[in-house]
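Peer 1: My questions all concern the structure below.
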Amino acid sequence: MPLVLVVDDSPVDRARAGGLLKKATELTPMYAANGREALDAIREHKPDIVVTDLHMPEIDGLELTATIRREMPALPVILMTAHGSEETAIAALRRGATNYVAKRKLASELVPTVLAVLDIARADRGQREILNCLTQTESRYELDNDVRHIPALLDQLEGSLTRMGLFDRTEWMRIGVALREALVNAIYHGNLELTSTLLEEDEAKFARLAEERPRDPAYAGRRVHVQARETKNEATYVIRDEGGGFDPASLPDPTDLANLDRRTGRGLFLIRTFMDEVQHNPAGNEITLVKRRELREA
């Protein structure tokens, strides 16, 4: 079972996070009270993922994230953020953290976020042979509206990046998170026309409609179209749904710290944080994401 290292100087918060993880029978939590203890535990026990608070004595979450990125780049890090820690959280995401969960939403979002990141991390179990003579790869996919197919697609897309030798494991996980958010948006908000407002106001109804609409003839025939192109210098992804679209100008500003803790703005925030260029078409049913090697290495 995946081993999850929970790092927090608050015994109450550690126990709370660990208790939530224990309820997911496929996860095993272990604990550290600060970044220094966490690094010792990582070296001794080799956890599959780290969930850490930001503000801690000795080594805080920001420094812990940077050290993990430098020494153990394949180990994903999820931040637990509290109100007032937004700027530090953004800095940690830029230094290598893979995702974040607001502490006030741990009960509903911690386990799904950990499992989603582990799905991406598992995609690196196969061969990673680099084909030095390859200069460009292109692929196109058509997905139905089943989000369970997303990990398999990400596995395929990671394989293309691996063949091109573009990014390290940590960077791929961040790209994978951005792509997953874009694909989920294309399915739920695009093809199935489930609004962010409904998700905020009635999560149970949102979940019920997400199960029903893929079988409804009005939505069942819609597909998500994915184009991927990788060169020696960059990866470009175009994701288009067949829904009615929306006005891209109506999107919340993902750079506004006030939106960091909003569930509905979280996906776009992660996409814009992890990718170098993000554009929507005027109709609002297509998003283009670009990640460049030279910007990552600068």
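The values are calculated or read from the model by the stated rules, or taken from the named source; none is laboratory data. If you're wondering where the values come from, they're calculated on a predicted model, not measured in any experiment. FYI the Cβ positions are ideal-geometry reconstructions off the backbone, even for glycines, and counts take in every protein chain you see.
Peer 1: Out of Leu75, Leu166, Leu79, Leu106, which single residue is more than 21 Å from Asn185 (Cβ to Cβ) and at pLDDT below 90?
Peer 2: Values: Leu75 fails: at pLDDT below 90; Leu79 fails: at pLDDT below 90; Leu106 fails: at pLDDT below 90.
Going through Leu75, Leu166, Leu79, Leu106 in turn, the sole match is Leu166.
Peer 1: Oh, and also: For Ala15, indicate whether it is at negative phi and in contact (Cβ under 8 Å) with a residue 12 or more places away in the chain.
Peer 2: Values: at negative phi: yes; in contact (Cβ under 8 Å) with a residue 12 or more places away in the chain: no.
Criteria not met by Ala15.
Peer 1: Another question, then. Give the residues of segment 179-202 that are of a type outside the set (Val, Ile, Thr) and touching a Ser or Thr at 6+ places or on another chain (Cβ under 8 Å), sorted by residue number.
Peer 2: His189, Ser196, Leu199, Glu200
Peer 1: If a residue must be in contact with a Ser or Thr (Cβ under 8 Å, 6 or more places away or on another chain) and assigned to a helix (DSSP H, G or I), how many such residues does segment 89-118 contain?
Peer 2: Going through segment 89-118 one residue at a time, the tally reaches 8.
Peer 1: Would you pick out the residues in segment 175-216 that are outside any helix (DSSP H, G or I) and either β-branched (Val, Ile, Thr) or under 22 Å from Lys105 (Cβ atoms) (or both)?
Peer 2: Correct list: Leu194, Thr195, Asp202.
Residue by residue, here is whether (1) in contact with a Lys or Arg (Cβ under 9 Å, 6 or more places away or on another chain); (2) closer than 26 Å to Met1 by Cβ holds:
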{"residue": "Asn34", "(1), (2)": "no, yes"}
{"residue": "Ala41", "(1), (2)": "no, yes"}
{"residue": "Arg70", "(1), (2)": "no, no"}
{"residue": "Asn99", "(1), (2)": "yes, yes"}
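Peer 1: Identify the residue in segment 139-169 that is surrounded by fewer than 21 Cβ atoms within 10 Å (Cβ to Cβ) and either polar (S, T, N, Q) or in the same structural domain as Ala74 (by TED's automatic domain parsing) (or both) and, among all such residues, is farthest from the chain's Cα centre (by Cα).
Peer 2: That would be Ser139.
Peer 1: So, in segment 14-37, exactly how many residues are buried (at least 17 other Cβ atoms within 10 Å of the Cβ) and acidic (Asp, Glu)?
Peer 2: The number of residues fulfilling the criteria is 1.
Peer 1: Going through segment 57-100 one residue at a time, which ones are of a type in the set (Val, Ile, Thr) and without any contact (Cβ under 8 Å) to a residue 24 or more places away in the chain?
Peer 2: None - no residue of segment 57-100 is of a type in the set (Val, Ile, Thr) and without any contact (Cβ under 8 Å) to a residue 24 or more places away in the chain, so the list stays empty.
Rundown of residues vs (1) part of a loop (DSSP other than H, G, I, E, B); (2) at pLDDT below 85, yes/no style:
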residue	(1), (2)
Arg125	yes, yes
Leu131	yes, yes
Tyr141	no, no
Asn145	yes, no
Pro151	no, no
Glu171	no, no
